[in-house]
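*Asks:* Mind having a look at this structure? Questions to follow.
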Amino acid sequence: MRSLALALPLALALLSGPAAAQTTLRMANWLPPGHPLMKDVMVPYAAAIEQATEGRVTVEILDAPLGPPPAHYDFAVNGIADITYGVHGYNPGRFKTISIAEMPFLGDSAEVISVAYWRVYEKMLAAAGEADDVKVLAVFTHGPGEIFTEGTDLAADMPLQGTKIRVGGGIAGDVAAALGAAPVLAPSSKTYELLSGGVADGILFPFESVTFFKLDSLLDKGLVIPGGLYNTSFFVVMNKARWSALADEDKAAIDKVSGEALARMAGSAWDAADAAGRDAMKGHIALEEASAAQMAAFEAALQPVIDAKLAEVASTGVDAKAAMEALKAEIAAVAAE
């Protein structure tokens, strides 16, 4: 009887083992915990994965960066981390199709553009195969990029002529150059250093980033561009082997909280952060909306950039014109929802 009493709990434990098995995925991180992309997107996303999989899959967000921001995509490719997020433009020339979502004048809501972007990415852009070495969990954009400077007259038709402007990669560098500035390429975390040291005269940034990176003391003017001067494309990706190793039910559960759902959450968080950032600028940075003359000058100067980027997209085999039209149609559809 004693041996039976001991054997029964052991047998039950063995039977329950596979059902209780848990997978922990490590997410690489390069932003401080208080950044909206971390606290309002990645942390809730990790919680959503755990809830969707009923606790079978958890996500551990690493406290310290494994390397600089441009390295994070390859961390997922090589399995150094299971999940990573980052800016496509931090890897110049590597991702051409993302230019579709970074174009000037697309709209004023990150949520609307991000949801539309994911839909077009899934239907048309993924086929280019630029991210075939990972499992793409989502793509999205930050809020519309604006112009912020210190000691520069922003009233001229081409106010950036002769300035040095920090950009984060992607189309922003081409936009700055087309408007007469010398682009200074650097991650957002280096912006304070560049401005305080006089390396850059200003930045192209969404509203959120100016106050988050404490730049309001280094800048005095902002020019707001209807529809945004540019957008920045972000990715959330996962190592393919780790994805393949997951149970089918867990893959399906994670897919439900990824893709459009994650793009919407990220865009919504960015819109809220932009609104808060703009409000925090009051009394520190004087904001003006671009005039009709400035918009006409910008549109003329940026058309060659748009044409060149569409040609890059087309070089991947994607119908660039159709993708651009599809994105604009989806933006209108999402805005109307």
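What follows is calculated from the coordinates using simple rules that are stated; it is not laboratory data. None of these values were measured; they are calculated from a predicted model. Here the Cβ is made from the backbone with ideal geometry for all residues, glycine too, and neighbour counts use every protein chain on show.
*Asks:* Given the alpha-carbon gyration tensor of the range 173-287, what are the semi-axes of its equivalent ellipsoid in whole angstrom, ordered largest first, with each equal to the square root of 5 times an eigenvalue?
*Replies:* Calculated on Cα positions only, the semi-axes equal 35, 17, 13 Å.
*Asks:* Once you order the gyration tensor axes a ≥ b ≥ c over the Cα atoms, which shape class does the range 268-323 get: rounded for a/c under 1.5, otherwise prolate or oblate by comparing a/b with b/c?
*Replies:* Because a/c hits 1.5 or more and a/b fails to exceed b/c, the range 268-323 counts as oblate.
*Asks:* May I have the convex hull volume per residue, in Å³, for the Cα set of the chain?
*Replies:* Once divided by residue count, the hull of the chain is 146 Å³.
*Asks:* Using Cα-only point scatterers and the Debye equation, what is log10 of I(q)/I(0) for the range 227-326 at each q in 0.11, 0.13, 0.17, 0.19 Å⁻¹, rounded to two decimals?
*Replies:* Taking Cα atoms of the range 227-326 as identical point scatterers yields -0.64, -0.84, -1.11, -1.16.
*Asks:* Which three extents, in angstrom, do the Cα atoms of the range 248-292 have along their principal axes, listed largest first?
*Replies:* On the principal axes, the range 248-292 reaches 53, 26, 8 Å in Cα extent.
*Asks:* Would you mind estimating how fast the range 112-238 diffuses translationally, via Stokes-Einstein at 10 °C and 1.306 mPa s with the Kirkwood radius over Cα pairs, in µm²/s?
*Replies:* After rounding, the answer is 102 µm²/s.
*Asks:* How high is the relative contact order of the range 132-268? Use alpha-carbon pairs under 8 Å, at least six apart in sequence, and give a whole percent.
*Replies:* Computed over the range 132-268, the figure is 42 percent.
*Asks:* How large is the dipole of the chain about the Cα centre if only Lys and Arg carry +1 and Asp and Glu carry -1, each at its Cβ, rounded to the nearest 20 debye?
*Replies:* Once rounded to the nearest 20, the dipole reads 940 debye.
*Asks:* Could you give the C-alpha radius of gyration of the range 32-151 expressed as a fraction of 2.2 N^0.38 Å, taking N as the number of residues it contains?
*Replies:* 1.16
*Asks:* Taking a 29 Å limit on the Cα-Cα distance, which of the listed pairs Lys214/Lys256; Lys164/Lys214; Lys39/Lys256; Lys164/Lys328; Lys190/Lys240 fall beyond it?
*Replies:* In this structure, Lys214/Lys256; Lys164/Lys328; Lys190/Lys240 lie more than 29 Å apart at Cα.
*Asks:* Which of Phe205, Phe140, Phe213 moves the most in a Gaussian network model of the chain with Cα springs under 10 Å?
*Replies:* Phe213
*Asks:* Could you work out the local net charge near Ile83, counting Lys and Arg as +1, Asp and Glu as -1, over the other residues with Cβ closer than 11 Å to its Cβ?
*Replies:* My count for the surroundings of Ile83 gives +1.
*Asks:* Distance from the Cα centre of the range 82-108 to that of the range 33-49, in angstrom?
*Replies:* A separation of 20 Å, based on Cα centres.
*Asks:* While we're on this one: Could you grab the relative contact order for the range 114-187? Cα pairs under 8 Å, six or more apart, rounded to a whole percent.
*Replies:* 23 percent
*Asks:* Still on this structure, please answer the following. Using θ = phi - 60° and the Karplus curve 6.51 cos²θ - 1.76 cosθ + 1.60, what whole-Hz ³J(HN,Hα) does each residue of the range 223-229 get, with Gly and Pro shown as x?
*Replies:* Along the range 223-229, the couplings run 10, 8, 9, x, x, x, 7 Hz.
*Asks:* Indicate the gyration tensor shape class of the range 32-85 (rounded, prolate or oblate), computed on the Cα atoms with a ≥ b ≥ c the square roots of the eigenvalues: a/c under 1.5 is rounded; otherwise a/b larger than b/c is prolate and the rest oblate.
*Replies:* Note, shape of the range 32-85 comes out oblate.
*Asks:* Using only the Cα atoms of the range 72-140, construct the convex hull and provide its projected area averaged over every direction, in square nanometres to one decimal.
*Replies:* 4.7 nm²
*Asks:* Roughly what % antiparallel, to the nearest 5, for the DSSP beta bridges in the range 71-220?
*Replies:* Counting DSSP beta bridges with both partners in the range 71-220, the antiparallel share is about 40 percent.
*Asks:* Listing His88, His35 from the residue with the fewest other Cβ atoms within 10 Å to the one with the most, what is the order?
*Replies:* His35, His88
*Asks:* Using amide H atoms built in the peptide plane, which far-off residues or other-chain residues are under 5 Å from Leu137 H to H?
*Replies:* Close amide H contacts, sequence-distant or interchain: Val236, Val237, Met238.
*Asks:* Also: Exactly which GluC sites (Glu not before Pro) in the range 51-158 are in a DSSP loop and have at most 14 other Cβ atoms within 10 Å?
*Replies:* Filter output for the range 51-158: Glu54.
*Asks:* Here is a further query. Could you pull out every residue, at least 5 positions away or on a different chain, whose amide H is within less than 5 Å of the one on Thr23? Hs are placed 1.01 Å off N in the peptide plane, and Pro or chain starts have none.
*Replies:* Val57, Thr58
*Asks:* Against the empirical 2.2 N^0.38 Å scaling, what ratio does the C-alpha Rg of the range 117-164 come to?
*Replies:* 1.91
*Asks:* Below 8 Å between Cα atoms, with a sequence gap of 6+, how large is the relative contact order for the chain in percent?
*Replies:* 26 percent
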